[in-house]
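Q: Structure incoming, see below.
The values are calculated or read from the model by the stated rules, or taken from the named source; none is laboratory data. Predicted model only: the values in this text are computed from it and were never measured. With ideal geometry, Cβ positions are generated from the backbone for all residues, glycine too; neighbour counts draw on all protein chains shown.
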Amino acid sequence: MKALGTSLQYACFACRKCFKRPQFVGATNRFMPAEQQVAQHAEAAKSNRDHHHKCPECGGVAHYMGIDFKAPRRSDVRAWRSAEAVIASGGLFLRGTQRCR
């Protein structure tokens, strides 16, 4: 597997920290048989789905935020609570959807 160009953004609400982690995709090579390419992509999808990221600071659960999340300052507790409410309700920070200000 190899890392895709776009990193995914995660946040820890306990530490109020934001960090990025690579997204994995299956390696493709023109010399690979089609079955091997399909197996590589399936393994990468399973890895991304089953992997739970941890906060590098406290080791707690890190939540996927979406690609358009702009982390507020650590001292802005109200904005972090608002972002946590969006994630808890099943929302993500994507273009054209909810944003945290």
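Q: Restricting attention to the range 1-59, and to residues there that are among the aromatic types (Phe, Trp, Tyr) and either part of a strand (DSSP E or B) or surrounded by 13 or more Cβ atoms within 10 Å (Cβ to Cβ) (or both), which single residue is modelled with the highest pLDDT?
A: So the first thing to find is which residues in the range 1-59 are among the aromatic types (Phe, Trp, Tyr), and the list is 10, 13, 19, 24, 31.
Keeping just the survivors that are either part of a strand (DSSP E or B) or surrounded by 13 or more Cβ atoms within 10 Å (Cβ to Cβ) (or both) gives 10, 13, 19, 24.
Working: TYR10: 87, PHE13: 90, PHE19: 86, PHE24: 62.
Per the stated criteria, the residue is PHE13.
Q: Looking at the structure I just gave you, is ARG73 at pLDDT 85 or above, surrounded by 15 or more Cβ atoms within 10 Å (Cβ to Cβ) and of a type in the set (D, E, K, R)? Working first, answer last.
A: Values: at pLDDT 85 or above: yes; surrounded by 15 or more Cβ atoms within 10 Å (Cβ to Cβ): no; of a type in the set (D, E, K, R): yes.
So ARG73 does not fit the description; no.
Q: Does ILE67 satisfy being modelled with pLDDT under 90, out of contact with any Ser or Thr (no Cβ under 6 Å at 6 or more places or on another chain), hydrophobic (A, V, I, L, M, F, W, C) and assigned to a helix (DSSP H, G or I)? Full working, then the answer.
A: On the way: modelled with pLDDT under 90: yes; out of contact with any Ser or Thr (no Cβ under 6 Å at 6 or more places or on another chain): yes; hydrophobic (A, V, I, L, M, F, W, C): yes; assigned to a helix (DSSP H, G or I): no.
No; evaluated as a whole, the condition is false for this residue.
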